Amino acid sequence: MDKIEELAQLRENLVDDIEARHINRLNIALENLEKDVVKLANTLPLRENKLFEARLAVELRPKIKALIDKHYVLWADGTVREYDKVAKIIVDNMKVLPISENFKTLTELDIETITNLKRVKFTGFLDIATETTNALADEIYQSTISGKPFEDTVKTLQHRINGVYIKADQDEINDLVELVATTTDETVKQKAIEKLHTVYGADRVGNNMRRYAKQLAHDSLMEFDGQFTKAKAAEAGLTNFLYYGDIIGDSRPFCIANRGKIFSEDELRDKWSSESWKGKSTTDPFTSRGGYNCRHHLQPTDPSWYDNNGNLII
């Protein structure tokens, strides 16, 4: 492994560590949110185990928003703030490259770029907060109007927040949820999820806050990594990039075919625009590489740093 690949691997490991911390904190935040939303719903009066005061149901909306702000938005704010660490990793990587010292530090322009990118990413998290607030409030109101049994209303609220990861009274459900959360065996995980879906009817549609927030936690982090890397590379006059990252079971053909290759910016954009594959996003290769949930990166490099056999000579 040459120096450029070593830098790339180190950066990948550090970004993965940051993402893992984000997801762990998200799990805690949403568990607490679920608990508090259920507690809030239980403050409503019941008649024959059904909600009946539509006015009170409507008045819960700002209280639901406050709970989402307390748990989820606070988590999102902390998550986006950590993007400064990603920027530092990228700059540290450039310190060993044979480029001018002027490009190996964070400049005022970099700080402005980081601030703007963080603002854009945070907006995406706020969109999920707004959507979930509306969904939870609408569920309580509609359940009141339709006379839906209260225990079913509570389950729907839990599913909308945490999906198959909801807390339940049944030990077996909780055991399956824990298995889904911890196992690295995809076959075991899928069987557990299937049982949750078919036997317990948990989260059949899959439209839940955890799913979207977890996806965004990954994609926004990787997008920031790619966009800031591109900005620093342009500042340093580097227009070539090594496409790198691990290959796993569900890696896309685009990533498998291009891993370990060096592309100019034009080559990469041409390849991106001319090829199509499942999961490709509508952005560009510097924002989302192989598409949604892609774990690959682009490391700035220069063909002049290699000999004719592709060996690094710097």
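The values are calculated or read from the model by the stated rules, or taken from the named source; none is laboratory data. This structure is a prediction, so every number in the text was calculated from the model and none was measured. Cβ: placed from backbone, ideal geometry, glycine included. Neighbour counts: every protein chain shown. Accessible surface areas use protein heavy atoms only, side chains included; no ligands, DNA or RNA. Shrake-Rupley method; radii C 1.70, N 1.55, O 1.52, S 1.80 Å.
General observations
- Residues satisfying the stated conditions in the range 10-40, i.e. surrounded by 15 or more Cβ atoms within 10 Å (Cβ to Cβ) and over 20 Å from the mean Cα position of the chain (by Cα): LYS35, ASP36, VAL37, VAL38, LEU40
- Extreme residue, farthest from the chain's Cα centre (by Cα), among residues of the range 59-77 that are over 13 Å from THR133 (Cα atoms) and either surrounded by 18 or more Cβ atoms within 10 Å (Cβ to Cβ) or at pLDDT below 95 (or both): TRP75
- The set of residues in the range 133-158 being within 16 Å of ILE68 (Cβ to Cβ) and open to solvent by 20 Å² or more (accessible area, probe 1.4 Å) consists of ASN134, ALA135, ASP138, GLU139, GLN158.
- The range 41-58: number of residues that are assigned to a helix (DSSP H, G or I) and open to solvent by less than 70 Å² (accessible area, probe 1.4 Å): 4
- The range 257-281, subset open to solvent by 100 Å² or more (accessible area, probe 1.4 Å) and among the basic types (Lys, Arg), residue farthest from SER304 (Cα to Cα): LYS278
- Looking only at residues of the range 240-250 that are surrounded by fewer than 17 Cβ atoms within 10 Å (Cβ to Cβ) and closer than 19 Å to ARG11 by Cβ, we find that the one that is modelled with the lowest pLDDT is ILE248.
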